[in-house]
Amino acid sequence: MKTTNRAVRTPGGLSVRLDVRAFTVVLLLLVAALTASVVLIGTGDFPIPAADVLRTLFGEGNAGQEFIVNELRLPRVLVGLLVGASLGLGGALFQSISRNPLGSPDVLGLGQGATAGALTVIVLFSGSANQVAAGALVGGLVTGFAIYVLAWKRGVHGYRLVLVGIGVSAIVTAVNGYLLTKSDIVDAARAVVWMTGSLDGRDWAQVWPLLGLCAVLVPLVLCNARGLRMMEMGDDVSYALGVRVERVRLLLMVAAVLLTASATAAAGPVSFVALTAPQLARRLTHAPGPNLLASLSMGAALLVVADWLSQRAFGAEQLPVGVVTGVLGGVYLLWLLVTERKAGRI
């Protein structure tokens with residue numbers, strides 16, 4: 001199916017090109033994410049029909065439903081949506097900047113860097129949950145800064161960024177192993193649970209900071225989407241078209257690092273969502289460019305569906321959502337490597 005573009009004129013006289021297929025895909029993904037969210041809110045030891053979930057969300061449920069939905073389940077689902085959206089958008093930014101489908105935060109080591117920050121707080125300081133989240137955020141930012149500095153050579157280019165990220169990831173992974181070996185059994189068990197990636201026990205304290213950060217970063221990224229799309233044609237072409245390449249690249253890399261690190265701080269290192277969401281979104285839209293909104297929507301839908309699978313697909317056993325995304329993402333990564341090899345790109 002070919003991409004259909006239409007020109008839409010706003011009341012102010014501004015003409016905007018609309019990709020109908022991409023718009024439809026984004027709309028359907030958002031509907032899927034919201035539908036899965038309603039189903040997930042109604043899932044648990046006290047099941048609630050979807051119609052009752054909707055009535056409760058609009059303030060028409062009974063006291064028991066109000067407590068279960070608004071205090072116990074809704075915060076978890078919102079954290080899942082925000083984490084998935086942040087990882088999907090962050091992955092799309094990194095893959096576009098590196099011009100490499102493997103250039104995601106999982107491969108570049110940002111998740112491992114955030115994990116190192118969290119482990120440092122857990123093992124060395126026995127910090128609280130908020131302190132662990134802050135440590136993960138700082139660890140992700142420090143790792144992103146190190147990758148950018150080490151990859152710099154008259155600018156930051158795709159394969160150098162990926163190779164430096166893989167090297168940094170290996171180093172940070174070794175540091176994480178060292179921290180685990182030096183911890184006592186209680187801290188080690190707590191660290192391993194956090195490293196799995198989970199939405200268990202998430203409440204409004206995790207929702208508001210992540211929502212505030214997304215409210216700032218998502219519009220900032222979308223405002224620079226044109227420059228990012230131009231940069232995919234190469235730095236020389238982008239300069240000729242008036243794009244301030246290094247400024248835009250640095251700004252978007254900082255935004256991608258913040259999105260990834262904040263998502264990791266909220267839910268732990270949920271693997272492969274940042275890798276798979278942009279690729280799946282691109283295959284659905286058939287549109288060139290970074291597909292930022294489609295990647296964001298795909299990430300949110302993927303994580304909510306994975307959370308439902310983690311609760312319902314394995315009988316009485318409930319798995320952390322990071323286990324489900326790791327299995328699904330690992331299968332997708334193998335398929336992607338085989339596809340890229342057959343195409344002669346690796």
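As a length-normalised measure over Cα pairs under 8 Å and 6 or more apart, the relative contact order of the chain settles at 28 percent. About its Cα centre, the dipole of the chain is roughly 1560 debye, where the only charges are +1 on Lys and Arg Cβ and -1 on Asp and Glu Cβ. When 1/r is averaged over all different Cα pairs and the result inverted, which Kirkwood radius in Å belongs to the chain? Its Kirkwood hydrodynamic radius stands at 20.9 Å. Solvent-free Debye calculation, one equal scatterer per alpha-carbon of the stretch 37-84: log10 I(q)/I(0) at 0.28 Å⁻¹ equals -1.05. Taking the 1.4 Å solvent-accessible surface of the stretch 46-190 as the whole, the part contributed by carbon and sulfur is 70%. Taking Lys and Arg as +1 and Asp and Glu as -1, the other residues whose beta-carbon sits under 13 Å from that of residue 291 total +2. Rounded to whole Å, the principal axis extents of the Cα atoms in the stretch 34-176 read 61, 38, 20, largest first.
Based on the convex hull around the alpha carbon atoms, the stretch 250-346 presents an average projected area of 7.5 nm².
What the chain shows is 48 Å² of accessible area per residue, with the surface traced by a 1.4 Å probe over protein heavy atoms.
The values are calculated or read from the model by the stated rules, or taken from the named source; none is laboratory data. What you see is a predicted model, and the numbers here were worked out from it, not measured in a lab. So basically every Cβ, Gly included, is an ideal-geometry build from the backbone, and we count neighbours across all protein chains shown. Only protein heavy atoms, including side chains, enter the accessible area calculation; ligands, DNA and RNA are left aside. Shrake-Rupley method; radii C 1.70, N 1.55, O 1.52, S 1.80 Å.
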